[in-house]
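Accompanying notes for the structure given below.
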Amino acid sequence: MTVQGVSPVVNTLFGAPIDPSTASFVVAGVPFDETSTYRKGSKQGPAAIRTASQMIESFCLDEQNNVDAAHLPIADIGDITFEPHTVQSMLRAVESVVGQIAQEEKIPILLGGEHTLTLAAVRALPRDIVLLQFDAHMDLRDRFNDQEFSHASVQRRIVEQLGPDHLIQIGIRAVSKEEFDYAQEHKITYYSCNDIRKEGAATIARRINDAIPPGPPLYISIDMDVLDPAYAPAVGNPEAGGLTTSELLTILRVVTPRAMIFDITEVTPQYDQGITAIAAARIITTFLCIQAKRFQKVL
Ligand code: MN
Ligand code: MN
């Protein structure tokens, strides 16, 4: 298998090979942050997460299944290429690459870059998919800075495409009145950070699992600003009062087994000393170790 529209990188996730032919998980970076308005820099995110992944332990003690994520059948095909460097061109390129990976029944792992890339990936996937969005923000604005396609409006475009019952938002704590009204009107399911703090991550994880209809595959999309800035200071739009890494992992453990695609976005590495990229690498490692159960036959 050859994926068109990517440029290989030297430092891959976990040092994985670049050839996706025998891989079950295919990693691709999306170095794009053009619609970011506050703290740009997430185009450096893919490289920072890859570097961090090589520095942490990839064995998952807590998953208790004796799996080392770095020994799973992973390929890192490099960064998705697009010209010109515009949001429309990025969206087309990401849709194409995700389509090629998913067609081979491999699990795409996307490293952002800004959160806008999720729309492109959704366009490449079956329409019955349910998106679990971990985020401080709803990203439900109709327009932001006159832009229809931006990281502040990406979930609005996805709801328009899939319908409101295909989106579940987790960790929400920073919304505009416009977004709140839209979410109410369209009956979008969301769990605020406050809900998680009050009821506990394990209880909320069960409620999320119960809210997901049986059958359709899941898309797990992580905007790193879902974490408190204490745990993930280097993001484009930090918001105080967020989840701990541990709370996020508790919820991930419950929902990950059904996921067919994963992305992690909004790491802006120049705003810290590597803390946020290390947390992102740990989250990806946990996702992979849990997903390993699906591929035990190839281990
Ligand atoms: Mn956000
Ligand atoms: Mn977001």
Check: Looking at segment 33-46, is at least one residue open to solvent by 60 Å² or more (accessible area, probe 1.4 Å), in contact with a Ser or Thr (Cβ under 9 Å, 6 or more places away or on another chain) and of a type outside the set (D, E, K, R)?
Finding: yes
Notebook entry, point to check: Of the residues L162, L111, which single one is away from ligand 1 (no atom under 11 Å from the Cβ) and either farther than 18 Å from T265 by Cβ or acidic (D, E) (or both)?
Noted result: L162
Check: Of the conditions (1) open to solvent by 10 Å² or more (accessible area, probe 1.4 Å); (2) more than 17 Å from the chain's Cα centre (by Cα); (3) in contact (Cβ under 8 Å) with a residue 12 or more places away in the chain, A292 fails just one. Which one is it?
Finding: (1)
Note to self: Suppose we filter segment 155-178 for residues that are part of a helix (DSSP H, G or I) and either aromatic (F, W, Y) or in contact with a helix residue (DSSP H, G or I) (Cβ under 9 Å, 6 or more places away or on another chain) (or both); how many remain?
What the structure shows: 9
Next item on the list: Select from segment 114-126 the residues that are buried (at least 24 other Cβ atoms within 10 Å of the Cβ) and assigned to a loop (DSSP other than H, G, I, E, B) and write down the one among them that is nearest to ligand 1 (Cβ to nearest atom).
Entry: H115
Next item on the list: Evaluate segment 97-111: report whether one residue or more is within 15 Å of ligand 2 (Cβ to nearest atom), open to solvent by 60 Å² or more (accessible area, probe 1.4 Å) and assigned to a loop (DSSP other than H, G, I, E, B).
Entry: no
Notebook entry, point to check: Within segment 127-140, restricting attention to residues that are away from ligand 1 (no atom under 14 Å from the Cβ) and open to solvent by 10 Å² or more (accessible area, probe 1.4 Å), which residue is nearest to R253 (Cα to Cα)?
Noted result: D128
Notebook entry, point to check: For segment 269-276, does any single residue satisfy the condition of being at pLDDT 95 or above, under 22 Å from G45 (Cα atoms) and in a strand (DSSP E or B)?
Noted result: no
Next item on the list: All but one of (1) farther than 21 Å from L227 by Cβ; (2) within 14 Å of ligand 2 (Cβ to nearest atom); (3) not acidic (D, E) hold for T116, so report the exception by its number.
Entry: (1)
Notebook entry, point to check: Do the conditions hold for D181, that is, is it touching a residue at least 40 places away in the same chain (Cβ under 8 Å), out of contact with any helix residue (DSSP H, G or I) (no Cβ under 6 Å at 6 or more places or on another chain), not hydroxyl-bearing (S, T, Y) and not in a strand (DSSP E or B)?
Noted result: no
Item checked: Filtered residues of segment 170-192 (kept if among the β-branched types (V, I, T) and open to solvent by 20 Å² or more (accessible area, probe 1.4 Å)) -> V175, T189
Note to self: Can you find a residue that is within 16 Å of ligand 2 (Cβ to nearest atom), under 17 Å from the mean Cα position of the chain (by Cα) and assigned to a helix (DSSP H, G or I) anywhere in segment 127-150?
What the structure shows: no
Item checked: Residues of segment 141-169 satisfying the condition of being open to solvent by 30 Å² or more (accessible area, probe 1.4 Å) and basic (K, R) -> R141, R143, R156
Item checked: Residue count for segment 54-104, restricted to those that are among the polar types (S, T, N, Q) and in contact (Cβ under 8 Å) with a residue 24 or more places away in the chain -> 8
Check: Which of (1) open to solvent by less than 40 Å² (accessible area, probe 1.4 Å); (2) within 16 Å of ligand 2 (Cβ to nearest atom) does T256 not meet, given it meets every other one?
Finding: (2)
Next item on the list: Mind listing whichever residues of segment 260-277 are in contact (Cβ under 8 Å) with a residue 40 or more places away in the chain and surrounded by fewer than 22 Cβ atoms within 10 Å (Cβ to Cβ)?
Entry: M260, Q270, Y271, G274, I275
Note to self: Against the definition (more than 16 Å from ligand 1 (Cβ to nearest atom), in a helix (DSSP H, G or I) and not basic (K, R)), how does Q291 come out, yes or no?
What the structure shows: yes
Next item on the list: Please specify each residue of segment 165-179 satisfying the condition of being over 25 Å from F287 (Cβ atoms) and within 12 Å of ligand 1 (Cβ to nearest atom).
Entry: V175, E179
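The values are calculated or read from the model by the stated rules, or taken from the named source; none is laboratory data. Computed from a predicted model, the values in this text were never measured in an experiment. Positions of Cβ are backbone-derived with ideal geometry, glycine not excepted, and every protein chain shown enters the neighbour counts. Surface areas here come from the heavy atoms of the whole protein model, side chains and all, with no ligands, DNA or RNA. Shrake-Rupley method; radii C 1.70, N 1.55, O 1.52, S 1.80 Å.
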